[in-house]
1. Under the Karplus relation 6.51 cos²θ - 1.76 cosθ + 1.60, θ = phi - 60°, what is the ordered set of whole-Hz ³J(HN,Hα) values for region 616-631, x standing for Gly and Pro?
2. ³J(HN,Hα) across region 650-657 via Karplus (A = 6.51, B = -1.76, C = 1.60, θ = phi - 60°), whole Hz, x for Gly/Pro?
3. Given the peptides 178-190, 612-624, 274-286, arrange them by the average over their residues of other C-beta atoms within 10 Å, most packed first.
4. May I ask you to order 471-481, 242-252 by the average number of other C-beta atoms within 10 Å around their residues, highest value first?
5. Would you work out the Kirkwood radius for region 125-194? I mean one over the mean of 1/r across all pairs of different Cα atoms, in Å.
6. Just the projected area, averaged over all directions, of the convex hull on the alpha carbon atoms of the chain: how many nm²?
7. Leaving out ligands and nucleic acids, and using a 1.4 Å probe, what accessible area per residue does the chain come to in Å²?
8. I want to make sure I understand the PRE zone here: with the label point 7 angstrom from the Cα of residue 85 toward its beta carbon, which residues in region 198-219 have backbone N atoms less than 20 Å away?
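The values are calculated or read from the model by the stated rules, or taken from the named source; none is laboratory data. Nothing here was measured: the structure is a model prediction, and the numbers come from that model. Methodologically, a virtual Cβ is constructed for each residue, glycine included, from the backbone with ideal geometry; neighbour enumeration extends over all protein chains shown. We work out accessible area using only protein heavy atoms, side chains counted, and drop any ligands, DNA or RNA first. Shrake-Rupley method; radii C 1.70, N 1.55, O 1.52, S 1.80 Å.
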Amino acid sequence: MAEGSWKSCRDGPWPTVRIDGDLERAGAEWLHSDGNGAYAMSTAALMHTRRQHGLLVAALEPPLGQTVILSHAETTVEVGQRAYKLSTHQFPGVAPTPGYRWLKTFSQDPIPRWTYRFAKGVFERTLCIVHGKNAVVLSYVWKGQSVARLTLRPLLPLRPTEELSQEHGAVAQTVTLRSGQVEVQPNPSLPLVAFGHSGVFMGSPDWWRRFEYLADQGPYEDFQEDLWSPGVFEIELTPQVPTFLVVAVGALPVDSPQSLVERARARLLAHDPGPERPAAVRVLSLAAEHFVLDECPRPCIKAGYPALGVYARDWAFSVPGLLLARGQTARAARSLASLAGLLHDGLLPLTLPVEGKPRPRPSPDATLWLVDSVGALVEAGGPDDATVPDVLYPALVRVFLRLCGKRRAWAWLSEDGLLVTGAPNVALTWMDAQLSEEPYTPRRGLAVELQALWVRAASVVARLARQAGDVSLAERAASAADAARMAFRERFWCAETDYAFDCIGEVPRGPDAWQDDTLRPNVLIALAVEPSLFDAWQAKAILDRVRQDLLTPRGVRTLSPADPRYVGHFSGSRADRESAYHQGTVWPYLIACYCRAVMRAWGDSEQVRLELGALVEGAFEASPALGHVAQLADGDPPFSPRGCPTSAASVAGLLSALVLELGR
């Protein structure tokens with residue numbers, strides 16, 4: 001989406017795009033979700049460009065089991081003798097179908113709304129995901145001078161988000177009709193799909209073939225899909241009177257469509273912090289709510305839409321920005337307690353475990369980010385209940401005792417008290433992109449940011465142990481933090497680069513000793529997490545190098561452009577993209593680390609605040625998804641947004657910078 005092509009509506013921070021029949025402007029992506037993992041997402045033209053797009057993507061095993069149930073509701077409006085086909089699709093070798101030409105505006109105020117003009121009238125369509133349910137309400141209003149007729153044909157892929165459906169002969173064609181309801185179950189392995197309507201349904205099962213998803217070209221070998229339809233709904237449109245199509249997995253919601261929509265609107269409006277807050281804070285606060293899934297059996301944070309799942313690292317890192325920055329300490333405590341419940345042998349798994357599948361490998365850095373976020377929760381005042389002393393503190397004790405115990409797989413302490421991570425052919429830091437047996441960015445031994453997180457973790461445990469009256473554990477944790485801090489200051493500074501080493505070997509001297517002076521942002525993370533590891537002059541030297549080599553208007557690069565391994569653009573095949581993830585790509589979430597480090601190093605001045613505020617606000621101006629921040633961006637100008645179009649970590653990092661660091 002071109003920079004500056006959307007703006008907030010007058011009554012709030014709600015995005016609106018003036019389309020006026022322009023397909024490029026209609027390519028802006030939008031997201032609408034519930035608190036359960038279900039969502040709707042597409043472009044303003046409703047021309048899906050990703051296989052994960054759809055009008056109802058259900059979470060069949062909340063928050064997992066994302067399944068595209070309803071891809072499209074093919075829409076035709078007949079006025080007089082003329083039919084207006086409003087759908088826009090890409091098929092092979094031809095221009096997109098022209099439904100977008102009638103589209104005047106797309107708004108999300110607060111639910112998605114499309115406004116079309118034709119036949120001297122206005123046609124409005126809205127979409128509303130039912131909160132906590134795998135259901136969607138589609139609303140239609142004709143504002144013309146005469147009665148019109150609406151034809152809707154649902155197109156159903158009925159497949160997981162990462163797969164594609166192809167025409168086959170195993171579809172169950174049975175349709176169950178009730179008054180105002182239609183039920184189909186074309187795939188016996190999935191729940192039935194129910195439709196609630198106020199018109200006439202005519203069964204005409206058929207396949208619609210060869211839809212193309214343009215954003216999937218490159219990352220995927222296949223990008224064409226066939227969609228099945230059970231038939232057509234025909235509904236009379238009385239001017240100014242809304243009509244609805246409700247689509248649900250299983251039973252339809254018992255409440256009326258009008259009440260479902262009004263409740264959804266009220267819930268979304270309540271997340272707006274209000275006109276007294278800066279516009280960027282309001283936009284990011286609304287974006288934050290999409291990722292907080294607390295209607296699930298196990299509350300969690302989703303890493304991004306549409307393609308990212310539940311990753312422990314993103315979850316742990318994002319809690320302060322998504323929840324504490326919005327003053328929601330009780331929700332933050334519940335989320336962290338849910339995350340702590342995933343600890344196994346003192347370490348978090350990389351992703352959410354799935355029953356019947358191998359347990360994900362441990363993630364030492366996700367575990368340490370959990371402790372960091374618990375520390376932030378305590379520093380914010382904590383909740384009014386016993387979650388911290390009764391649930392989170394015991395979990396953190398298990399983490400501490402596991403890491404400082406005897407040497408074991410995945411993570412252990414060196415003789416001088418630093419944290420070592422290692423496993424054959426596995427990257428154990430956030431730079432873990434990997435398709436083959438070897439990670440693209442191998443960082444083994446002692447990673448600089450993990451040392452800061454370890455010192456921070458030991459300090460948090462020491463504080464909580466003192467509050468709990470456990471003097472012995474408090475002293476042990478404080479001693480561990482001191483030992484690691486001393487060893488870090490002795491071993492990590494590189495005088496030749498005026499920067500810290502990115503990684504060093506476990507052995508400090510001898511033939512097995514080694515050091516990696518690659519200029520990466522991990523030193524910035526360490527400075528932000530635990531500034532006591534550096535002298536004041538070192539902190540300023542680090543920030544000078546970051547500004548010179550790594551900082552961009554969209555975030556912080558993962559590698560200096562002067563490095564021969566640098567890749568400035570994130571594109572191409574999946575292998576090409578994976579190899580480029582941490583070899584120059586820009587990550588917006590690192591702006592939070594930069595702002596925190598600058599505020600501590602250079603002081604709290606009005607000039608510093610203005611410069612940092614402008615940096616944060618500029619980081620999401622060119623997002624491909626309305627009101628959101630992309631996962632990453634190219635390292636070279638114009639720093640185009642890449643990766644997942646919406647990212648919990650990116651939103652959390654920018655919101656944390658604005659509110660927790662800059663006090664906006």
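1. Once θ is set to phi - 60°, the couplings for region 616-631 become 5, 5, x, 5, 10, 5, 10, 5, x, 10, 4, x, 10, 10, 5, 5 Hz.
2. These are the phi-based 3J(HN,Hα) values: 5, 4, 4, x, 6, 5, 4, 4 Hz.
3. Packing proxy ranking, top to bottom: 612-624, 274-286, 178-190.
4. Top to bottom by mean Cβ count within 10 Å: 242-252, 471-481.
5. Hydrodynamic radius (Kirkwood, Cα only) of region 125-194 equals 15.2 Å.
6. Value for the chain: 30.0 nm².
7. So the chain comes to 38 Å² accessible per residue, rounded to a whole number.
8. Label zone hits: 202-214.
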